[in-house]
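What follows is one structure encoded as structure tokens, with my remarks underneath.
The values are calculated or read from the model by the stated rules, or taken from the named source; none is laboratory data. This is a predicted model, so every value here is computed, not measured. Neighbour counts run over all protein chains shown; Cβ positions are idealised from the backbone, glycine included.
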Amino acid sequence: MRRTGRAAVLLAAVAAFSAACEGDGKSTLSAAACDAYADLQGAFFGDPAQLGPAAEAFAKAAPDQLSGPIDVLVAALSSDDPAASETPAYAEAQTKVANAVYADCAADAKADVKGVDYPFTGLPSKVDAGRLNLRFTNDSPADEPHELIIVTGANGETAAELQALPMEQLFAAARPIAVAFTGAPGGVATTLVDLEPGEYLVICTLPVGGFDAAQDGPGDPHSNHGMVATLTVA
């Protein structure tokens, strides 16, 4: 789960693809495009070689009106340069693609969540099993990056057991299911993921002060200040 270099780019790109163009009216995503996005989300946690093909499949299924923003995201996902996901053009593309998946993609549960310094606001404690369409907006007043990661125990650990672990042990014990990352206030990301019944841990592991604060060490994670919760899927 620790991310530097290319991994950070991939994380941000996945979060970007999950966003949607809410209220656009011209960029409606079909069911096939939504399924392709969900496949892309799943590909992020599998073989990295499958990310490119999954991204291309999503781009092919998406409407022409979103081709420009999606091209920006595909390029970032395919790049070895971390700066590819740090440009204003990338942030704008992420938000545009981010406000159509949330608006257009049907789901068994939807949630509009904000990352503040430092709780998650709007995060439900319980959702129906099946597809979750979750939009995550960075609402930090202190210019902090935020992420929302949904994890389960890699070896059957419960959400409570995972939450009790030190961060270093959590990285080894947790299996990520979905992620939404926003690098700056105003950034939007939407995760579209199929969840089985059970309890999941929702957490932000980023260091206080952002990535620069972690250069000399792991940093104090946002989860230590309240960005951690349990999500029950029934």
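Summary table below
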| read-out | value |
| --- | --- |
| Options 123, 165, 201: the member that is surrounded by 14 or more Cβ atoms within 10 Å (Cβ to Cβ) and within 23 Å of residue 46 (Cβ to Cβ) | 201 |
| Given (1) touching a residue at least 40 places away in the same chain (Cβ under 8 Å); (2) of a type in the set (A, V, I, L, M); (3) within 29 Å of residue 85 (Cβ to Cβ), index of the condition residue 159 fails | (3) |
| Test result for residue 137, under 16 Å from the mean Cα position of the chain (by Cα) and under 27 Å from residue 33 (Cβ atoms) | yes |
| Residues being out of contact with any Cys (no Cβ under 9 Å at 6 or more places or on another chain), crowded, with 17+ Cβ neighbours inside 10 Å, of a type outside the set (A, V, I, L, M) and free of Cβ contacts under 8 Å to residues at least 60 places away in the same chain - total across the stretch 40-83 | 2 |
| Cross-chain or 6+ apart pairs with Cβ under 7 Å, the stretch 183-201 first and at positive phi, then assigned to a strand (DSSP E or B) and buried (at least 16 other Cβ atoms within 10 Å of the Cβ) | 186/138; 198/152; 198/233 |
| Which listed residue, of 161, 144, 157, is in a loop (DSSP other than H, G, I, E, B) and touching a Gly at 6+ places or on another chain (Cβ under 9 Å) | 144 |
| Hits in the stretch 170-191 (condition: assigned to a strand (DSSP E or B) and buried (at least 18 other Cβ atoms within 10 Å of the Cβ)) | 174, 177, 178, 179, 180, 181, 182, 188, 189, 190, 191 |
| Checking residue 92 against (1) in contact (Cβ under 8 Å) with a residue 60 or more places away in the chain; (2) within 20 Å of residue 145 (Cβ to Cβ); (3) surrounded by fewer than 16 Cβ atoms within 10 Å (Cβ to Cβ), the condition it does not meet | (1) |
| Top-ranked residue in the stretch 151-162 [being surrounded by fewer than 22 Cβ atoms within 10 Å (Cβ to Cβ) and aliphatic (A, V, I, L, M); ranked as farthest from the chain's Cα centre (by Cα)] | 160 |
| Helices (runs of 4 or more DSSP H) lying entirely in the stretch 21-109 (those with 3 or more residues that are within 18 Å of residue 181 (Cα to Cα) and at pLDDT below 90) | 31-44, 67-78, 88-104 |
| Close pairs (6 angstrom Cβ cut-off, 6 or more residues apart or separate chains): closer than 19 Å to residue 188 by Cα in the stretch 105-132, polar (S, T, N, Q) and exposed (fewer than 14 other Cβ atoms within 10 Å of the Cβ) anywhere | 114/121 |
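Residues checked against (1) among the hydrophobic types (A, V, I, L, M, F, W, C); (2) in contact with a strand residue (DSSP E or B) (Cβ under 7 Å, 6 or more places away or on another chain); (3) closer than 17 Å to residue 193 by Cα:
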site	(1), (2), (3)
84	yes, no, no
87	no, no, no
96	no, no, no
109	yes, yes, yes
129	yes, yes, yes
136	yes, yes, yes
143	no, no, no
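Yes/no per residue for (1) of a type outside the set (Ser, Thr, Tyr); (2) touching a strand residue (DSSP E or B) at 6+ places or on another chain (Cβ under 6 Å):
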| position | (1), (2) |
| --- | --- |
| 166 | yes, no |
| 177 | yes, yes |
| 180 | yes, yes |
| 184 | yes, no |
| 188 | yes, yes |
| 191 | no, yes |
| 197 | yes, yes |
| 201 | yes, yes |
